[in-house]
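Have a look at the structure below, then the notes.
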Amino acid sequence: MAQPIHAGRVRLWPFLEFAASDKAGRAGAMADLTIANSVSDLIQGDVREHLPLERIPLKGDVLGLGTTSSLENGELTFLRNGSGDSEVWRCIAHNGSIVRLQPGDGSGHFPYVCYTEDATALQRPVELSCLGKPEGRSIQELIDSAIRHERARGALEQAPIYGIRMLATWDELVITVASKLCMGQQRRNASFTTEGGTDQAAATSIYDMLQHYRLSPLPPEKPEDPIRYLGRSMQWDCCGFYDSEPEKGRVTVPKAGDYLHLHGCSTDLAHGGHVLHDHPSTRVGQIEQLVLYPLHSIRSLCSDLAIESLSYDDGRILFRVTNTGELDVSDVGVAVVVNDRFSDHRYLQIPWMNAGDSESYSLAWAFPSGVHRIAVIADPMELVIEPDDRRHNNLRHLEVTIPSSDDA
């Protein structure tokens, strides 16, 4: 399998390296898993929070997967490159092809993405001989077996989530390519949002409604096969995560027993997408490389809108809206209400606000004499995902007294 290239180093295909050192030394370095929104957030519908590609560090061995915006319609796979760093490839929904994303090209705003820092120190190569023959076994079953075996022999620490890199040749493979747009369409489907529905029911059907693609050495015998045939690119470089608590919906669909979320690209860089590991037609022929990464620390990014100033001067309401969170937000609504008269309120729409940015506004509104209560509310419909304990700064009040002409 892997061949030594010099003392203390081992080269894995295609560009994966791990340091050959004692187990205690390897265990000392840990990497965080960062999650921008979650799979549960995504399947609820139109996500307005985004993380740009430029904010994801890609130096070293960075694992990750995610979904692009509805405008680009596709999924993300994190691959290694020839320089030892990582790159993000977008899997395109309408034809199953892939394209490499580059910072600054304007195509990298992700409503859902999870990624590690450089996880080189956490690489735990699996002894493939322990897995036995893969015939008739799903990839999830094989990875579950690998985790149990490596932990039993003391080569793998217990962790809530394991990162995965895998090189595999498939006998047959079915993939899907989801997107934010597909998730939004699914939410609006009546059967998806019936009363009493659960995230689990939503997750069960989420992949059924997407375009499926088939890869196999020979075309299907039935020309009317609803699964579109892509070709015979059977060796795949895969990256993903195994969550020990899938019901939380952090990196997998919130469905009991669905521990694995795996994306990948064919090694000829022709096709890519979500590996539909539980599809009855998906059959792995050989696992050539399998590396596990114990991820102990999980960090969730969130949005946090705030009304940071509010004043009234010379017949104008002045206020500033700030995105103090860590995600960019789109289609942000701001309501200005005077004297609790919602029937007479003004509503502003902010198309986009980057994390850390502010916008100042001046709204003409003449008041008669007397006391007036002004309220400015960011995201009054609570469409932006924010933790409840960070919503208090979305609202700001001001009481203004306008003197009468007699007082003057």
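The values are calculated or read from the model by the stated rules, or taken from the named source; none is laboratory data. Worth saying up front: this structure is predicted, and the values here are computed from it rather than measured. Because the Cβ atoms are built from the backbone with ideal geometry, glycine has one as well, and the counts that use them run over all protein chains shown. Just so you know, the surface numbers come from the protein's heavy atoms only, side chains and all, with ligands and any DNA or RNA stripped out. Shrake-Rupley method; radii C 1.70, N 1.55, O 1.52, S 1.80 Å.
Could you check region 65-173 for strands (runs of 3 or more DSSP E) lying wholly inside it with 1 or more residues that are surrounded by fewer than 18 Cβ atoms within 10 Å (Cβ to Cβ) and not aliphatic (A, V, I, L, M)?
Details: elements: 74-80, 86-92, 98-100, 112-116.
Once the strands (runs of 3 or more DSSP E) in region 65-173 are filtered for at least 1 residues that are surrounded by fewer than 18 Cβ atoms within 10 Å (Cβ to Cβ) and not aliphatic (A, V, I, L, M), what remains is 86-92, 98-100.
For the condition open to solvent by less than 10 Å² (accessible area, probe 1.4 Å), over 17 Å from the mean Cα position of the chain (by Cα) and not basic (Lys, Arg), what is the one hit in Pro294, Pro280, Pro223, Pro246? Steps first, answer last, please.
Details: Pro280 fails: open to solvent by less than 10 Å² (accessible area, probe 1.4 Å); Pro223 fails: open to solvent by less than 10 Å² (accessible area, probe 1.4 Å); Pro246 fails: over 17 Å from the mean Cα position of the chain (by Cα).
Step by step, each of Pro294, Pro280, Pro223, Pro246 is checked, and only Pro294 is open to solvent by less than 10 Å² (accessible area, probe 1.4 Å), over 17 Å from the mean Cα position of the chain (by Cα) and not basic (Lys, Arg).
Only one of Ser300, Ser309 is within 15 Å of the chain's Cα centre (by Cα) and either surrounded by fewer than 20 Cβ atoms within 10 Å (Cβ to Cβ) or farther than 19 Å from Glu75 by Cβ (or both); which?
Values: Ser309 fails: within 15 Å of the chain's Cα centre (by Cα).
Matching residue, one of Ser300, Ser309: Ser300.
Any chance you could count how many residues in region 362-390 are open to solvent by less than 70 Å² (accessible area, probe 1.4 Å), of a type in the set (A, V, I, L, M) and under 21 Å from Leu310 (Cα atoms)?
7
Inside region 28-64, can you point out the residues that are over 23 Å from Gly273 (Cβ atoms), modelled with pLDDT of 90 or more and part of a loop (DSSP other than H, G, I, E, B)? Let's see the steps before the verdict.
Residues of region 28-64 over 23 Å from Gly273 (Cβ atoms): 28-32, 48-49, 54-55, 57, 59-60.
Subset that is modelled with pLDDT of 90 or more: 49, 54-55, 57, 59-60.
Within region 28-64, Pro57, Lys59, Gly60 qualify.
Of everything in region 313-329, what is surrounded by 18 or more Cβ atoms within 10 Å (Cβ to Cβ), outside any loop (DSSP other than H, G, I, E, B) and not β-branched (Val, Ile, Thr)? Give them in sequence order. Talk me through it step by step, then tell me what you get.
Taking region 313-329 first, the residues surrounded by 18 or more Cβ atoms within 10 Å (Cβ to Cβ) are 317, 319, 321-323, 325-329.
Then keep just the ones that are outside any loop (DSSP other than H, G, I, E, B); that gives 317, 319, 321-323, 328-329.
The answer is Phe319, Asn323, Asp328.
Evaluate the following for Cys265: is it in contact with a Gly (Cβ under 6 Å, 6 or more places away or on another chain), surrounded by fewer than 21 Cβ atoms within 10 Å (Cβ to Cβ) and among the hydrophobic types (A, V, I, L, M, F, W, C)? Show your work before the answer.
On the way: in contact with a Gly (Cβ under 6 Å, 6 or more places away or on another chain): yes; surrounded by fewer than 21 Cβ atoms within 10 Å (Cβ to Cβ): no; among the hydrophobic types (A, V, I, L, M, F, W, C): yes.
No.
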